[in-house]
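The values are calculated or read from the model by the stated rules, or taken from the named source; none is laboratory data. Owing to the predicted nature of the structure, the values given are computational and were not obtained by experimental measurement. When we count neighbours, we look across all protein chains shown, and the Cβ atoms used for this are built from the backbone with ideal geometry, even at glycine.
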Amino acid sequence: MDEQQRRARDETRAEARLTAARLSGEGVVAVALTYVDNAGIARVKGVPLRRLADAAVEGIGMSPVFDVFLVDDATTTSRYLGGPDGDLRLFPALERAVPLPAQPGWAFAPADRFRQDGTPHPACQRRFAAEMTARAAERGITFRAAFETEWIVQRAEDGRYPTQGPAYGLHRLTDLSDYLRDLLLALEACGLSVQQLHPEYAPGQFEVSVAATDPVAAADEAVLVRATIRAVSAQHGLRASFAPAFAPGGVGNGGHLHLSAWREGRNLLALPEADGEAFLAGVLAELPALLALGAPGVASYLRLVPSHWAGAYHCWGVENREAALRLIQGPDAAANAEVKCFDQAANPYLAVGGVIAAGLAGIDARAVLPAPVQGDPALLPEPRQPRRLPTDLDQALTAFRASTVLRDALGDVLFEAVAAVRAAEQAALGGRPAEDVIAATRWRY
Ligand code: GLU
Ligand code: MG
């Protein structure tokens with residue numbers, strides 16, 4: 001190790017000690033180093049707080065095999081990854097470490113993954129999101145992003161819904177006011193800025209949205225929000241499901257991604273703005289392939305059906321909740337794109353990184369948008385109906401494999417691991433009755 005490396009190491013250790021002191025002051029005794037695998041499952045290694053400085057300097061060991069884990073914890077192999085050999089190091093993002101108020105004594109720290117020799121792991125999804133953000137920054141573009149979180153609760157003891165209140169109804173909020181208050185307090189105590197909380201359409205379904213932030217932080221927060229909802233739900237005798245499909249034929253849980261793109265203080269999505277349009281057009285063009293990142297499970301396609309507000313058609317629209325890509329106009333600063341076809345089986349780092357990569361490709365190609373679609377595309381006369389997005393995981397995987405934009409952005413190692421996981425989940429669950437697919441995935445995410 002040379003002098004410069006030694007100095008960097010000492011600085012990291014000093015920073016970690018400060019972080020540990022901060023967390024200790026808030027009652028933390030253990031840290032959950034967390035990352036999300038390609039199947040959309042958050043995996044974890046816990047360390048006692050006194051080990052945080054070691055973790056920050058040396059990392060914590062974890063097998064690369066999780067890059068080819070499936071939603072049911074089976075494994076597959078890809079061209080570059082799989083099998084029992086090798087080890088990676090998880091490094092906590094110290095600046096993002098926060099106490100988990102609903103899991104007293106624990107803190108959450110999203111992790112980046114490196115090889116044992118200290119070089120970045122080429123399949124680290126969090127790094128991918130950071131790289132796409134950096135790629136945009138080279139063009140002077142920054143983002144503000146946020147994931148919406150929808151979930152369905154049932155009583156843990158008997159699997160019944162804890163409220164019979166109607167969709168969006170005050171009745172539901174009244175029935176569960178203690179739960180929802182505790183949830184708001186817990187989310188805010190994690191440093192999240194809750195924008196709104198409301199009952200959603202499906203029985204027992206709710207939604208929370210948090211303020212937009214930079215893309216990597218938005219993905220970190222998506223993980224943190226879900227962990228917090230799960231913990232507060234358990235404290236109230238409830239069980240939370242974030243799965244894309246919960247009941248056959250019902251409205252599912254979305255994981256909509258909101259994104260605005262900024263250059264020199266201007267919101268590029270406040271159209272008309274050529275690069276804003278090109279960004280949207282790039283995202284729209286790649287949507288079928290992007291579904292392999294944003295709607296990555298077999299169950300995703302039980303949700304992604306017409307007239308369920310999931311965005312099942314390959315189109316964009318202004319303020320159209322049935323368009324896969326919805327442009328929200330608002331005042332200039334609030335204009336943003338909502339990718340509606342995504343759900344929470346997605347690894348949020350892959351989802352946001354993939355959308356940025358597609359948008360940048362659109363800017364490079366000076367892409368232009370087709371006409372927006374208004375109204376529910378399912379109700380349009382046949383000749384004016386846009387094409388459906390992939391209707392199963394197999395179709396999404398075919399589009400993904402054909403996407404040079406996503407292969408270039410992800411790099412071969414990550415791209416092949418994602419493709420292998422999709423193919424294996426399709427082989428395991430594709431074509432099975434909806435009830436079976438739902439039963440296999442309902443409580444997994
Ligand atoms: N639950 C719907 C979905 O699956 C979204 C409802 C809404 O428009 O917020 O995406
Ligand atoms: Mg919603």
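Screening the candidates ALA130, ALA111, ALA134, ALA107 for the property of being within 25 Å of ARG22 (Cβ to Cβ), part of a helix (DSSP H, G or I) and either modelled with pLDDT of 95 or more or out of contact with any Asp or Glu (no Cβ under 9 Å at 6 or more places or on another chain) (or both) yields one hit, ALA130. Kindly establish whether GLY265 is without any contact (Cβ under 8 Å) to a residue 40 or more places away in the chain and of a type outside the set (A, V, I, L, M, F, W, C). So GLY265 fits the description; yes.
So is ALA346 of a type in the set (A, V, I, L, M), under 15 Å from LEU287 (Cβ atoms) and either without any contact (Cβ under 8 Å) to a residue 12 or more places away in the chain or surrounded by 21 or more Cβ atoms within 10 Å (Cβ to Cβ) (or both) or not? Outline the logic, then answer.
Numbers: of a type in the set (A, V, I, L, M): yes; under 15 Å from LEU287 (Cβ atoms): yes; either without any contact (Cβ under 8 Å) to a residue 12 or more places away in the chain or surrounded by 21 or more Cβ atoms within 10 Å (Cβ to Cβ) (or both): yes.
So ALA346 passes the test.
What number goes with the only condition from (1) buried (at least 24 other Cβ atoms within 10 Å of the Cβ); (2) touching a Ser or Thr at 6+ places or on another chain (Cβ under 9 Å); (3) part of a loop (DSSP other than H, G, I, E, B) that ALA261 does not pass? (3) is the only condition that ALA261 fails. Contact list please: Cβ distance under 7 Å, first residue in the range 403-414 and closer than 12 Å to GLY353 by Cα, second residue modelled with pLDDT under 95 and of a type in the set (S, T, N, Q), pairs at least six apart or on different chains. Every condition considered, no pair remains.
Could you run through the range 322-353 and say how many residues are of a type in the set (Gly, Ala, Ser), more than 11 Å from the chain's Cα centre (by Cα) and away from ligand 1 (no atom under 12 Å from the Cβ)?
Within the range 322-353, the first condition is being of a type in the set (Gly, Ala, Ser), and the residues that meet it are 323-324, 330, 333-335, 337, 345-346, 351, 353.
With more than 11 Å from the chain's Cα centre (by Cα) added as a condition, the list becomes 323-324, 330, 333-335, 337.
The next check asks that each one be away from ligand 1 (no atom under 12 Å from the Cβ); those that pass are 330, 333-335, 337.
Final tally of qualifying residues: 5.
For first residues located in the range 204-220 and on the phi > 0 side of the Ramachandran plot, partners that are outside any strand (DSSP E or B) and of a type in the set (Val, Ile, Thr) and lie 6+ apart or on another chain with Cβ distances below 9 Å form the pairs GLY204/THR163. Do we find that ALA270 is away from ligand 1 (no atom under 16 Å from the Cβ) and either of a type in the set (Ser, Thr, Tyr) or closer than 30 Å to ALA247 by Cβ (or both) in this structure? So ALA270 fails the test.
Tell me the residue from GLY255, GLY282 that is within 16 Å of ligand 2 (Cβ to nearest atom), in contact (Cβ under 8 Å) with a residue 40 or more places away in the chain and either of a type in the set (S, T, N, Q) or crowded, with 24+ Cβ neighbours inside 10 Å (or both), please.
On the way: GLY282 fails: within 16 Å of ligand 2 (Cβ to nearest atom).
Criteria check complete, one pass: GLY255.
Cβ-Cβ under 7 Å, sequence separation 6+ or interchain: first residue in the range 365-389 and among the β-branched types (Val, Ile, Thr), partner in a loop (DSSP other than H, G, I, E, B) and surrounded by 11 or more Cβ atoms within 10 Å (Cβ to Cβ). Which pairs? Hits for this filter: VAL373/ASN320; VAL373/PRO386.
Consider ALA423 carefully, then state whether it is outside any helix (DSSP H, G or I) and either under 22 Å from the mean Cα position of the chain (by Cα) or closer than 27 Å to ALA145 by Cβ (or both). Walk me through it before giving the result.
Working: outside any helix (DSSP H, G or I): no; either under 22 Å from the mean Cα position of the chain (by Cα) or closer than 27 Å to ALA145 by Cβ (or both): yes.
Against the criterion (outside any helix (DSSP H, G or I) and either under 22 Å from the mean Cα position of the chain (by Cα) or closer than 27 Å to ALA145 by Cβ (or both)), ALA423 does not qualify.
Among the conditions (1) in contact with a Cys (Cβ under 9 Å, 6 or more places away or on another chain); (2) surrounded by 22 or more Cβ atoms within 10 Å (Cβ to Cβ), the only one that PRO386 does not satisfy is (2). The single condition among (1) within 16 Å of ligand 1 (Cβ to nearest atom); (2) within 30 Å of GLY359 (Cβ to Cβ); (3) crowded, with 19+ Cβ neighbours inside 10 Å that VAL153 does not satisfy is (2). Take the residues of the range 73-90 that are at positive phi and of a type in the set (Gly, Ala, Ser): which is surrounded by the most Cβ atoms within 10 Å (Cβ to Cβ)? The residue in question is GLY82. If the condition is being within 21 Å of the chain's Cα centre (by Cα) and either within 16 Å of ligand 1 (Cβ to nearest atom) or surrounded by fewer than 20 Cβ atoms within 10 Å (Cβ to Cβ) (or both), then the range 164-185 contributes only LEU184. Screening PRO370 on (1) surrounded by 14 or more Cβ atoms within 10 Å (Cβ to Cβ); (2) in a loop (DSSP other than H, G, I, E, B) shows it passes everything except condition (1).
Going by the structure shown, is VAL298 at pLDDT 95 or above, of a type in the set (Val, Ile, Thr), part of a loop (DSSP other than H, G, I, E, B) and away from ligand 2 (no atom under 16 Å from the Cβ)? Judged against the criteria, VAL298 is a match. Going through (1) surrounded by fewer than 19 Cβ atoms within 10 Å (Cβ to Cβ); (2) in contact (Cβ under 8 Å) with a residue 24 or more places away in the chain one by one, GLU425 falls short only on (1).
Entry remark, the range 204-223: residues being touching a Phe, Trp or Tyr at 6+ places or on another chain (Cβ under 7 Å) and surrounded by fewer than 22 Cβ atoms within 10 Å (Cβ to Cβ) number 1 in total.
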